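First the structure, which I've put down as structure tokens, then a few questions once you've had a look.
The values are calculated or read from the model by the stated rules, or taken from the named source; none is laboratory data. All figures in this text were calculated on a predicted structure; none of them were measured in a lab. Backbone-built Cβ (ideal geometry, glycine too); neighbour counts: all protein chains shown.
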Amino acid sequence: MKRMTFMIPVFLCCLTAAAQQHRAIAFNSYTAAGFVTGKLPPGFIAQTENGIKFNNWFIGAGFGIDNYYRQTLPLFAAIKKEFPFKKANSLFLYANAGKNLVTKDKSLNNSFFHSTTKGGFYGDAGVGYKIRACKKVAAFFCIGNTIKNIREIGEAQDAYGTPGIYDAYRKFARVSFKLGFQF
């Protein structure tokens with residue numbers, strides 16, 4: 001993660017230097033909603049990614065909400081590569097990597113049980129298809145594989161008041177389906 005934090009500013013500086021050679025660099029935003037499914041019931045996912053587009057490459061940062069198993073807020077770096085078919089449509093590959101920020105889940109705490117959930121790695125990679133609606137707006141859909149890691153630490157009491165502690169690392173590999181807009 002520290003390397004990614006260092007590499008993004010270096011990449012942005014290189015793109016700024018390339019902009020002086022009269023190449024087109026533009027701000028882009030991808031906003032999507034959909035669902036993720038795995039062994040557990042499907043969960044809602046929504047995310048937005050903002051960054052710069054240079055030729056057929058996009059690099060940026062994103063934020064979202066993921067309601068699969070526990071509600072988390074993924075914060076990630078995003079990269080996309082487009083493969084244009086026609087003037088209006090293109091296939092793209094994408095990869096996102098970052099960290100889950102866990103929201104507070106009050107339903108897990110009562111007088112006999114207390115649980116703390118901590119975030120972990122978040123990753124998402126897949127393929128999508130973009131259909132241009134007008135010059136600066138496009139609709140897209142994509143399918144991918146996401147990974148969500150979380151850690152649960154809990155303490156429970158039995159009927160006699162004896163405490164029990166558990167520590168569980170959970171890794172969820174899921175399939176994601178998203179629809180959205182790019183502008």
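Go through F121, F92, F83, F76 for me and flag whichever is touching a Leu at 6+ places or on another chain (Cβ under 6 Å) and at pLDDT 90 or above. Lay out the reasoning, then the answer.
Working: F121 fails: touching a Leu at 6+ places or on another chain (Cβ under 6 Å); F92 fails: touching a Leu at 6+ places or on another chain (Cβ under 6 Å); F76 fails: touching a Leu at 6+ places or on another chain (Cβ under 6 Å).
The conditions single out F83.
Which is modelled with pLDDT of 95 or more and either aromatic (F, W, Y) or surrounded by 13 or more Cβ atoms within 10 Å (Cβ to Cβ) (or both), of G34, G38, G43? First the steps, then the outcome.
Working: G38 fails: modelled with pLDDT of 95 or more; G43 fails: modelled with pLDDT of 95 or more.
Result: G34 is the single residue among G34, G38, G43 that is modelled with pLDDT of 95 or more and either aromatic (F, W, Y) or surrounded by 13 or more Cβ atoms within 10 Å (Cβ to Cβ) (or both).
Restricting to segment 113-128, give me the number of residues that are surrounded by 15 or more Cβ atoms within 10 Å (Cβ to Cβ) and aromatic (F, W, Y).
The number of residues fulfilling the criteria is 2.
Residue-wise test of (1) more than 15 Å from R70 (Cα to Cα); (2) without any contact (Cβ under 8 Å) to a residue 24 or more places away in the chain.
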{"residue": "I143", "(1), (2)": "yes, no"}
{"residue": "T146", "(1), (2)": "no, no"}
{"residue": "R151", "(1), (2)": "no, no"}
{"residue": "A159", "(1), (2)": "yes, yes"}
{"residue": "Y166", "(1), (2)": "yes, yes"}
{"residue": "K171", "(1), (2)": "no, no"}
{"residue": "R174", "(1), (2)": "no, no"}
{"residue": "F183", "(1), (2)": "yes, no"}
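Could I ask something else about it? Exactly one of (1) under 30 Å from D158 (Cβ atoms); (2) hydroxyl-bearing (S, T, Y); (3) in contact (Cβ under 8 Å) with a residue 40 or more places away in the chain is unmet by T116. Its number?
Exception for T116: condition (3).
Of all the residues that make up segment 76-100, how many are buried (at least 16 other Cβ atoms within 10 Å of the Cβ) and within 16 Å of A32 (Cα to Cα)?
The number of residues fulfilling the criteria is 8.
In addition: Exactly one condition in (1) closer than 17 Å to G62 by Cα; (2) surrounded by fewer than 17 Cβ atoms within 10 Å (Cβ to Cβ) is false for A156; which is it?
(1)
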